[in-house]
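Working notes, beginning with the structure itself.
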Amino acid sequence: MDKARVRLSESTLLLVLSLVVGLCAGGAAVVLEKSIKLLQGFTGGRFYFIFPAIGMLISLILLRYVVKDNISHGVTKVLLAVSRNDSQIKGHNMWSSLLTSAVTIGFGGSVGAEAPIVYTGAAFGSNLGRKARLSHRGVKVLVGCGASAAIAGIFKAPLAGVLFTLEILLFNISMSSMMPLLVSTLSATVVSYIFMGTASPFVCTPAAFNMGNLPFYLILGILCGVFSLYFTRFTLWLEDRLQRDIPNPWVKWAVCGLGLSLLVFLFPPLFGEGYSSLRILLNGGDVLSEGISPFHALLRTSWGVPLFFLLVMLMKVVSMTFTNAGGGVGGTFGPTLVEGALLGFILARCLNLAGLSLPEGNFVLVGMAGLMAGVMQAPMTAIFLIAEITGGYELLLPLILCATTSYGIMRIREKYSIYTKRIAQSGDLLTHDNDQAVLTLLRTRDLISDKYPHLHVEDTLQDISKVVSESTVAVFPVLDDGGRFCGMLEMDEIRKHIFEPDRLGSMKVRDLMHAPPGYVYEDEKMESVMRKFDRTDIWRLPALTRDGQYLGFVSRSRILAAYRQELKQISED
């Protein structure tokens, strides 16, 4: 790899590696899909509803004793890697997310495979980029290549893969960086075609588009926006509640596993990703053929069918959260598609029972895009992904109407997507706003300078006279025996007394030092640091650890220089 690095420019090497990353991510998507199908072949039968809990247990054991890392919420982890860790993703993520998600979903866990495969693809990009000693920018582009290739591979949708990286992962990428993304998604799609055929994942034949149905697609968009808010907030609330109230992982597995098995028994469509039900709905099949439910008698009534699937919609969020919280590994991407399809079906069926004649398959297809646009706040990705994976380009107008309506309604009440909400709360979210992105990427610990001679709190002016006379700095940190920061002493204050020989031996540093108007901490967000500088109107502030150990000073000039450099890098990207 090093020899290739010498012979090739970074831009050329980036193209070569994007091809490799695309092939790896596409291959991983194929392996994951086939592994899930293989395992699902062993989980049928009368007592199928107990298998999801078993899959969660196997996944939990693998996570605790083999992987020894938290790898859930793959898309969020990729975003954090880019903003916090210079796009560094651990090597085990090239296989660990794939293995644990295959077990989780293959045994019937009610989650999607997309987030784990995105994490896997991004890990390929990160590790190959660092192995090739690419620049930070190059590694970041390869991470995006891996993520986009993973989506392209699992859905056979190259355009949606590129849009996913640009819109959901919030990458600021120039046109010159688009070529590696396109190469990776194309190569991943070809791999998927070779091993899984060229047919779309959700083949359907949409009914002809009728302009008279546009008002009903608008209603669907409004409902998708409202339900997106429920989906996002309830999922995050329930995850937090389970994490807080049941800290023991084995007890949590037992509670979540029992709850998931009960939900799958009551509502068979909750078993697995739910894509089998989705395909039935898209093609107008018998929606009652998915397992035997205690509510089967209700399903034989006209209005019982939409009522049953409304309950499935509401419980899918719970089953998804139980799966992830109980030790399983999976994402929200797949459940979002299923939930949108169910919402579209319920609306169309209810209106048809009321006397209309709407194409239910079309509303299922459009609902998928609507809910995805709201939950992920990515309307472009939603529109073109659904059009690509279903062949529903004839419905492009209702797709755009529903997706943009859902997105707009969601943005009124919720600024962040399900992937970015927690990251935004911690201040680590990268956005397309260059100024905000620069502040997120700058790290306080990297801007700390300790060029200032240390003074001891019990020193006299005579003790420090030599240090002061040989120094060119304007301020001195005052520390105790343990290295803890006690205060700071200005050169101007020393000058007032340095020419009083009779007092040099008696006047101590502690008598002259003063407390700074503020402190910064090594792990503090740069946005918070900047607010402190604005509030204190001072040129430099001492930097400490959280337990008060002195580290150095952070100055305005150092921040400004780093800001300019980072902004230049982002502008080049």
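The values are calculated or read from the model by the stated rules, or taken from the named source; none is laboratory data. All figures in this text were calculated on a predicted structure; none of them were measured in a lab. Here the Cβ is made from the backbone with ideal geometry for all residues, glycine too, and neighbour counts use every protein chain on show. Keep in mind that these areas ignore ligands, DNA and RNA; they rest on the heavy atoms of the full protein, side chains included. Shrake-Rupley method; radii C 1.70, N 1.55, O 1.52, S 1.80 Å.
For Ala113, are the conditions met, namely being within 21 Å of Val317 (Cβ to Cβ) and at pLDDT 90 or above?
Details: within 21 Å of Val317 (Cβ to Cβ): yes; at pLDDT 90 or above: yes.
Yes.
Test of understanding: among Gly272, Gly257, which residue is out of contact with any strand residue (DSSP E or B) (no Cβ under 9 Å at 6 or more places or on another chain), surrounded by 14 or more Cβ atoms within 10 Å (Cβ to Cβ) and outside any helix (DSSP H, G or I)? So that I can check it myself, show each step before the final result.
Numbers: Gly257 fails: outside any helix (DSSP H, G or I).
Going through Gly272, Gly257 in turn, the sole match is Gly272.
Looking only at helices (runs of 4 or more DSSP H) that fall completely inside the range 340-420, which ones have 3 or more residues that are crowded, with 24+ Cβ neighbours inside 10 Å and touching a Gly at 6+ places or on another chain (Cβ under 6 Å)? Quick ask: steps written out before the conclusion?
Working: elements: 360-375, 379-390, 396-413.
Result: 360-375, 396-413.
Right, Leu544: farther than 30 Å from Ala424 by Cβ, open to solvent by less than 50 Å² (accessible area, probe 1.4 Å) and of a type in the set (A, V, I, L, M) or not?
Working: farther than 30 Å from Ala424 by Cβ: no; open to solvent by less than 50 Å² (accessible area, probe 1.4 Å): yes; of a type in the set (A, V, I, L, M): yes.
Judged against the criteria, Leu544 is not a match.
Would you check if Leu32 is closer than 17 Å to Gly274 by Cα and in contact with a helix residue (DSSP H, G or I) (Cβ under 8 Å, 6 or more places away or on another chain)?
Against the criterion (closer than 17 Å to Gly274 by Cα and in contact with a helix residue (DSSP H, G or I) (Cβ under 8 Å, 6 or more places away or on another chain)), Leu32 qualifies.
Scanning the range 481-499 for residues that are under 16 Å from Tyr519 (Cβ atoms) and not aliphatic (A, V, I, L, M), which turns out surrounded by the fewest Cβ atoms within 10 Å (Cβ to Cβ)?
Looking at residues that are under 16 Å from Tyr519 (Cβ atoms) and not aliphatic (A, V, I, L, M), I get Gly483.
Within the range 66-80, work out how many residues are touching a helix residue (DSSP H, G or I) at 6+ places or on another chain (Cβ under 7 Å) and part of a helix (DSSP H, G or I).
Summing the residues that are touching a helix residue (DSSP H, G or I) at 6+ places or on another chain (Cβ under 7 Å) and part of a helix (DSSP H, G or I) in the range 66-80 gives 8.
So, restricting to helices (runs of 4 or more DSSP H) that lie completely within the range 1-65, which ones have at least 1 residues that are modelled with pLDDT under 85?
Working: elements: 2-7, 10-40, 51-62.
Ranges flagged: 2-7, 10-40.
Over 20 Å from Tyr119 (Cα atoms), free of Cβ contacts under 8 Å to residues at least 60 places away in the same chain and in a helix (DSSP H, G or I): does that describe Ile194?
Values: over 20 Å from Tyr119 (Cα atoms): yes; free of Cβ contacts under 8 Å to residues at least 60 places away in the same chain: yes; in a helix (DSSP H, G or I): yes.
For Ile194, the condition - over 20 Å from Tyr119 (Cα atoms), free of Cβ contacts under 8 Å to residues at least 60 places away in the same chain and in a helix (DSSP H, G or I) - is met.
I'd like the full set of residues that are of a type in the set (Ser, Thr, Tyr) and open to solvent by 10 Å² or more (accessible area, probe 1.4 Å), limited to the range 135-169.
Restricting attention to the range 135-169, the residues satisfying the condition of being of a type in the set (Ser, Thr, Tyr) are 135, 148, 165.
Result: Ser135, single match.
Could you please find all residues in the range 89-124 being outside any helix (DSSP H, G or I), more than 18 Å from Thr332 (Cβ to Cβ) and either open to solvent by less than 10 Å² (accessible area, probe 1.4 Å) or touching a residue at least 40 places away in the same chain (Cβ under 8 Å) (or both)? Walk me through it before giving the result.
We begin by selecting, within the range 89-124, every residue outside any helix (DSSP H, G or I); these are 89-90, 95, 107-113.
Next cut, more than 18 Å from Thr332 (Cβ to Cβ) only: 89-90, 95, 107.
Scanning the range 89-124 gives Ile89, Phe107.
How about the range 455-480: which of its residues are in contact with a His (Cβ under 8 Å, 6 or more places away or on another chain) and modelled with pLDDT of 85 or more?
Answer for the range 455-480, where residues must be in contact with a His (Cβ under 8 Å, 6 or more places away or on another chain) and modelled with pLDDT of 85 or more: Phe476, Pro477, Val478, Leu479, Asp480.
Considering each residue of the range 183-226, count those that are of a type in the set (Gly, Ala, Ser) and buried (at least 20 other Cβ atoms within 10 Å of the Cβ), and give that number. So that I can check it myself, show each step before the final result.
Residues of the range 183-226 of a type in the set (Gly, Ala, Ser): 184, 187-188, 192, 197, 199-200, 207-208, 212, 221, 225.
Filter once more, keeping what is buried (at least 20 other Cβ atoms within 10 Å of the Cβ): 184, 187-188, 192, 221, 225.
So the count comes out to 6.
Considering only residues that are more than 20 Å from the chain's Cα centre (by Cα), aliphatic (A, V, I, L, M) and closer than 18 Å to Thr198 by Cβ, which ones fall in the range 378-395?
Passing the criteria: Ala387, Ile389.
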